[in-house]
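Single-structure report; data block below.
The values are calculated or read from the model by the stated rules, or taken from the named source; none is laboratory data. Just so we're clear, the structure is a prediction, and the values are computed from it rather than from any experiment. Cβ sites come from the backbone with ideal geometry, for glycine too, and all protein chains shown count toward neighbours.
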Amino acid sequence: MDLLDSDLFVLDLRFRDDPRYPANKAFLEIRGAPRATTIYNLLEVCGILSFNLTHAALLALYAEFSRRYALSVLFPAVADHQSLPTMIRGIFDKITRKMTLGDAQILYIAEQHPEVQRIISWNTKDFIGRTSLRVVTPQEWIAETTP
């Protein structure tokens with residue numbers, strides 16, 4: 001499974017003049033391969049867009065996100081209140097690798113789900129060298145998977 005980073009969705013929804021937009025759009029429209037994002041990515045996208053969306057539009061974006069992009073939303077594996085300190089330690093461990101809180105939370109969830117094999121991001125530098133997961137751009141993914 002591929003985990004998609006927030007920047008792909010923000011680019012799709014807000015930055016149509018960006019030179020990466022056509023490749024980004026083509027990547028997001030590919031169906032069939034299992035894809036996911038994390039709840040932190042979804043909340044980050046909603047937070048970024050909250051300044052320009054009505055309350056109703058923001059709720060609709062949140063509610064319809066997984067269907068719109070044909071993906072699953074992954075949550076942290078926190079079974080009970082005693083798991084919370086473990087989660088915080090895991091996220092802090094990522095932060096010690098020079099990561100922002102948001103990227104550390106995303107990576108923490110990605111690494112908890114063994115079915116995640118790759119992270120797809122335009123900001124590969126945020127993850128490369130900080131995880132054993134493959135990290136590629138949408139263009140690299142297309143080049144690797146297209147015969």
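Structural remarks
- Verdict on L28 being in contact with a strand residue (DSSP E or B) (Cβ under 6 Å, 6 or more places away or on another chain) and touching a residue at least 40 places away in the same chain (Cβ under 8 Å): no
- Put simply, of D12, D93, D7, D103 the only residue that is modelled with pLDDT of 95 or more, under 21 Å from I128 (Cβ atoms) and not basic (K, R) is D7.
- Residue count for region 1-26, restricted to those that are buried (at least 22 other Cβ atoms within 10 Å of the Cβ) and under 12 Å from Q139 (Cβ atoms): 2
- Unmet criterion (only one of (1) surrounded by 12 or more Cβ atoms within 10 Å (Cβ to Cβ); (2) modelled with pLDDT under 95) for A79: (1)
- Among the residues of region 37-51, not a single one is more than 12 Å from the chain's Cα centre (by Cα) and of a type in the set (D, E, K, R).
- Sole residue being touching a residue at least 24 places away in the same chain (Cβ under 8 Å), surrounded by 16 or more Cβ atoms within 10 Å (Cβ to Cβ), among the small types (G, A, S) and not in a loop (DSSP other than H, G, I, E, B), chosen from G90, G102: G102
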